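Accompanying notes for the structure given below.
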Amino acid sequence: MKLTVFRHEREAAAVLADRIAAEVAANPALVLGLATGRTPVPLYQRLVDLYRRRGIDFSRVTTFNLDEFWGLGPDHPGSYRAYMQRHLFAHVNIDPARVHFLNGLAPDAERECARYERAIAEAGGIDLQVLGIGGNGHIGFNEPAGALNARTHLAVLKPQTRRANASFFGNDASRVPADALSMGMATILQSRTVVLVAMGRGKRRAVERMVHGPLTTRVPASFLQLHPQVEVLLDEAAAESVTLSALSVTAANP
Ligand code: PGA
């Protein structure tokens with residue numbers, strides 16, 4: 001894993017947005033894997049800003065989001081599809097036909113997951129997957145457990161994860177759906193490059209276990225150690241428990 005520590009989340013977002021812009025310029029048909037949550041909000045703001053100032057052309061870019069709440073349609077304001085629309089898609093020239101999402105209202109979860117896996121394969125796989133990490137070490141909705149589903153699946157959410165999502169549901173965790181569709185760790189590990197962003201003290205322990213810990217289904221992020229091309233963008237608080245000397249860590253602003 002290549003770790004970079006930034007002073008402020010804005011700086012990490014700017015570096016990642018520039019990187020995505022450069023990759024889209026080099027390969028206009030880039031396949032991006034995208035994440036939701038609080039962490040990527042500055043990244044999407046910066047991408048919208050770059051689109052306005054420099055005209056990054058998203059028209060041939062394909063996207064796949066990691067996950068979606070089960071039982072919510074794209075028009076529900078708490079859905080991740082609506083989040084993506086608000087934060088990125090409504091503001092850039094992305095082709096809606098190239099935006100891929102798990103359908104939280106699909107009649108059959110298993111078939112919907114199989115459809116998603118096929119769509120990713122048909123797109124040629126994900127070139128660059130953006131990830132956040134849960135304070136409990138989850139990735140997407142791959143929650144800590146005794147066993148994990150490798151591929152895209154219907155997941156039961158932990159109370160901690162429902163609480164973390166409550167702001168989208170009137171700060172009432174009981175209104176957060178109890179289940180979600182999520183890419184599995186094997187799906188995520190097939191991406192060519194993974195960039196994980198973790199900011200703040202609440203992610204410190206999860207980052208430590210992701211980077212240094214044993215591979216364990218109790219910390220789904222630990223499986224990222226198996227991937228040859230993982231970049232981790234941290235702030236100082238999230239990086240606090242990482243043994244800097246043991247890793248390839250660079251300070252973005254020495
Ligand atoms: P956050 O969520 O960006 O809102 O902290 C990250 C995650 O739970 O994966």
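Since every read-out is calculated from the coordinates, none of them should be taken as a lab result. Here the structure is a predicted model, which is why all the values come from computation and not from measurement. Methodologically, a virtual Cβ is constructed for each residue, glycine included, from the backbone with ideal geometry; neighbour enumeration extends over all protein chains shown.
Quick notes on this structure:
- Using the average count of surrounding beta-carbon atoms within 10 Å as a protection proxy, the listed peptides 32-39, 121-128 rank, highest first, as 32-39, 121-128.
- Extension gain, Arg175 to Arg10: 0.36 nm times the residue separation minus the Cα-Cα distance gives 56.3 nm.
- In a fully extended conformation the segment linking Ser59 and Ala29 would gain 10.0 nm over its present Cα-Cα distance, using 0.36 nm per residue.
- Shown is the FRET efficiency for Ala121 and Glu236, computed with R0 = 41 Å from the Cβ-Cβ distance and rounded to the nearest 0.05: 0.55.
- Neighbour net charge for Arg60 - beta-carbon separation under 13 angstrom, K R +1, D E -1: -3
- Among residues other than Val92 with Cβ under 13 Å from its Cβ, the summed charge is +4 (Lys and Arg +1, Asp and Glu -1).
- Centre-to-centre separation between the Cα atoms of region 2-65 and those of region 76-135: 16 Å.
- With a cut-off of 14 Å between beta carbons, the residues surrounding Lys203 carry a summed charge of 0, where Lys and Arg count +1 and Asp and Glu -1.
- Rounded to 5, percent antiparallel among DSSP beta bridges of region 1-144: 10
- Relative to the current alpha-carbon distance between Arg38 and Asp108, full extension at 0.36 nm per residue lengthens the span by 22.3 nm.
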